[in-house]
Structure formats: structure tokens, C-alpha cells
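Some notes on the structure that comes next.
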């Protein structure tokens, strides 16, 4: 009986020592593990090859210190409402920043709208078309809430009207939209966005760092951080 007590006591001592050792090991491991930056000022940098493609529309000087990449959806209400903020930031940092536009179509009419913008780009009116679709979004975008008493015109009719407002060759623009000429490019943008973890629009990257908290103050803060480097 006495021998069994000694054995039991020895086991308890071994367990206690093992627990202390394990606790110290865990504490030291946590303290020595590098922490990946993921603050509101910006997530870690990502692979630049998935951020900007050779055919990506760019607004601003090629040698700008800041490259601002926006994944957007033409049918996204937040994208439309935030567009003036983006343009103001470009003006405030003129010469220091360039905007790169990428598509992330997530709504029913997004793909058609993106094809319209690309068709306008073929005629030198990319940014004008983007601005116009944002402005006219309530006319052609998906209707939320009760259906209107008077149904809106078909989207192709509306886009034909917008093409005339932009001064485009409407025949060429309509043909590009009908044949879905730019679907592959738009799909590549979406694929890149998914690779980068983009799940909502708009999503911004500043010199490869994803904006963690959406909003003008956060975006300006991240830009300032990059300018100080």
C-alpha cells in the first residue's frame, strides 16, 4: 500500500512539472510569433500581379507615388455615393496618386453595365461612362422595395440613350454590349478580386494594402501612411 502511494505521488509530480513546462512553452511561443499587421489603417500587402492588369483603366500619372486600386460594381449604391469622394481625393493629391479601376460585378445588371462602360472606353469615354451610370443608377439599377407603378424602360434602351448623351457611336456600342465583348475581361477582374479576398464593393487597395475600414477618413489615413514612407 505504501509503495502504491509513492507511485501515485510521483505521477502527480510529473503531471505538475509537465503542465508548468507546457504553459511556459505556449507563453514563449506566443510572445515570439510574428504578428501580421491587420489594423484599420490597412491590411498586409498583396501580390501586385492580381491588383493591376495591363488593360486596367487608370486615371492619374503613371509615376504617381500612390496607386489606389478600387474594385467596384457599377450597380452598387455605395460605389456611386462614394465616387465623388474618390474624385476629391484624386484632386487633393493631384500628381501623387493614380486610380486603377477593377470590376467586381455582384448585382443583376452589373455585367451589362460593365460592358457598356468598356464599350464607351473603346471610344475614349471610360470615366465619363462610369460617372453617367453612377448618376443614372436609380433609372437602370435593380429596384429595391415595392415595384414602381410604371415599369422602367428596358435596360438596353436606357443604355442606348446614355450612349447618345455621351456622344458615342451608338451602333458600335450596342453591338459590343449585345455580343458581350468584354465578359472575359470583367471575369478576370472578378477572379482577381476573389483571389484578393474582395467580398464587397467598393474595396480599396493603397499601394497593395487593403483598406480594412471603409470610409473617407480611413482611406486618407492610409494614403498619408504610404506617402510618409
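The values are calculated or read from the model by the stated rules, or taken from the named source; none is laboratory data. Computed from a prediction, not measured in an experiment: that's the story for all the values here. With ideal geometry, Cβ positions are generated from the backbone for all residues, glycine too; neighbour counts draw on all protein chains shown.
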* Only listed residue being over 22 Å from residue 97 (Cα atoms), assigned by TED's automatic domain parsing to the domain that holds residue 77, in contact (Cβ under 8 Å) with a residue 60 or more places away in the chain and touching a strand residue (DSSP E or B) at 6+ places or on another chain (Cβ under 8 Å), chosen from 177, 186 -> 186
* To do: Output yes when any residue across the range 210-217 is on the phi > 0 side of the Ramachandran plot and at pLDDT 95 or above, and no when none is.
  => yes
* To do: Taking residue 100 as meeting all but one of (1) touching a residue at least 60 places away in the same chain (Cβ under 8 Å); (2) farther than 25 Å from residue 172 by Cβ; (3) part of a strand (DSSP E or B), write down the number of the exception.
  => (1)
* For the range 84-100, indicate whether the set of residues that are surrounded by fewer than 16 Cβ atoms within 10 Å (Cβ to Cβ) and within 16 Å of the chain's Cα centre (by Cα) is non-empty. => yes
* To do: Count, please, the residues in the range 203-218 that happen to be under 23 Å from residue 106 (Cα atoms) and out of contact with any helix residue (DSSP H, G or I) (no Cβ under 7 Å at 6 or more places or on another chain).
  => 7
